[in-house]
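What follows is a set of notes on a single structure, which appears directly below.
All of the numbers you see were taken from the coordinates with simple rules; none came from a lab. Remember, it's a predicted structure, so these values are computed and weren't measured experimentally. Here the Cβ positions follow ideal geometry from the backbone for every residue, glycine too, while neighbour counts run over all protein chains shown.
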Amino acid sequence: MRALLPIGALFIVIMMLAQGCTKDSGPYYVTPPLDTINGYDTVYFALDVVPIFVDQCWVCHPPNGGLDLGATNAYSELVNVQSIGFPSETRVVPFEPLQSLLWKKVVHSGEFGLNMPPNVILPNEDLEIIRNWIEQGAQNN
Ligand code: HEC
């Protein structure tokens, strides 16, 4: 019985070595993190931005401000589109949140009519998503 112990240990060591040698080290598959704030570099319009609009804005848009923020029309009604209520403004200027009416309204700047959503400030993570989306070129991705 005693003699079996070292043999058993040796067997385990051999198995571990064999395992080490046969183990395939590539290719690497990196699973994207699910945390959209800290994980992704890219903000996706459909995945990240539209859900905010649907949750927080769609109840009033359409029709308020002549703006439809539903999933189908939001992009074409925002990017490089002149504002209806404030014709000197563009709703979203790609790469330029500070020139975008959308941004000025959601940060409650008070410069152009009502802040959005009226009486509520979006959570920081939503603001960050909207800002990053504009800064990354307001893509239809
Ligand atoms: C309770 C209703 C309500 C909600 C919710 C709401 N809005 Fe508005 N929104 C309005 C009204 C009313 C106007 C028109 C008056 C104004 O612009 O001051 C407007 C105007 C706007 C405009 C200007 C459109 C233009 O070209 O004149 C933008 C941009 C806008 N909203 C974005 C948003 C966004 C983004 C959200 C969600 C985060 C949102 N709104 C949520 C009522 C709402």
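Across region 108-121, computed HN-Hα scalar couplings (Karplus, 6.51 cos²θ - 1.76 cosθ + 1.60, θ = phi - 60°) run 6, 6, x, 6, 10, x, 6, 7, 10, x, x, 6, 10, 9 Hz from first to last residue, x flagging Gly and Pro. Rounded to the nearest 20, the size of the Cβ-charge dipole of region 45-135 about its Cα centre is 220 debye, with Lys and Arg at +1 and Asp and Glu at -1.
If packing is taken as the average number of other Cβ atoms within 10 Å across a peptide's residues, how do 121-128, 50-57 rank, most packed first? Show your work: numbers first, answer last.
On the way: 121-128: 14.4, 50-57: 17.1.
Peptide ranking by packing, descending: 50-57, 121-128.
Using C-alpha pairs under 8 Å with a sequence gap of at least 6, the mean separation divided by the residue count of region 42-116 gives a relative contact order of 14 percent. Between the residues LEU102, LEU78, LEU114, the greatest Cα displacement towards the positive end of the dipole of region 69-126, with unit charges on the Cβ of Lys, Arg, Asp and Glu, is found for LEU114.
Take the Cβ-Cβ distance between HIS108 and ILE12 as r, set R0 to 41 Å, and report the resulting FRET efficiency rounded to the nearest 0.05. Intermediate values should be presented prior to the final figure.
On the way: r = 65 Å, r/R0 = 1.59.
So, using R0 = 41 Å, E works out to roughly 0.05.
Spin-label model, CYS60/ASN73: points 7 Å from Cα along the beta carbon direction are separated by 1.7 nm.
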